[in-house]
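See below for the structure under consideration.
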Amino acid sequence: MTDFNDSDDELVLHLADLLPDDAGEVVLFARDEPLKIESDTPLIHSGIVEDAHITASGTDVSGLSFSQFANGMTLYHDNDHILIIAPDI
């Protein structure tokens, strides 16, 4: 795995640029490249989806990591290549 601090070409997305589905959910699948998500919105909870869950857009996110933000958005992601940068409440 690439260290985020070692990469000059890391991809950075801003949470505000992501378009959630009708339930406020976004699913990201990274490849082998690091992906950084930056947010001004506080992160209120993160973990692993332990129960079966299908998003409003129809994606099964069971077993994926998730990050819930104070603005109501939940971001689901699939691997260790995604780094969330956000203030905590």
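The values are calculated or read from the model by the stated rules, or taken from the named source; none is laboratory data. Remember, it's a predicted structure, so these values are computed and weren't measured experimentally. Counting neighbours? That spans all protein chains shown, and the Cβs are built from the backbone with ideal geometry, glycine included. Note: accessible area is taken over every heavy atom of the protein model, side chains too, but ligands, DNA and RNA are not part of it. Shrake-Rupley method; radii C 1.70, N 1.55, O 1.52, S 1.80 Å.
Okay, here's what the table says:
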{"item": "Packing-based order for 46-53, 64-71, using average beta carbon neighbours within 10 Å, highest first", "result": "64-71, 46-53"}
{"item": "Surface accessible to a 1.4 Å probe, per residue, for the residues of the chain, Å²", "result": "63"}
{"item": "Gain upon complete extension [residue 80, residue 31; 0.36 nm per residue less C-alpha separation]", "result": "16.6 nm"}
{"item": "Projected label distance in nm at residue 12 and residue 52, using a 7 Å step from Cα toward the beta-carbon", "result": "4.1"}
{"item": "Sulfur and carbon atoms: percent of accessible area, the chain [1.4 Å]", "result": "46"}
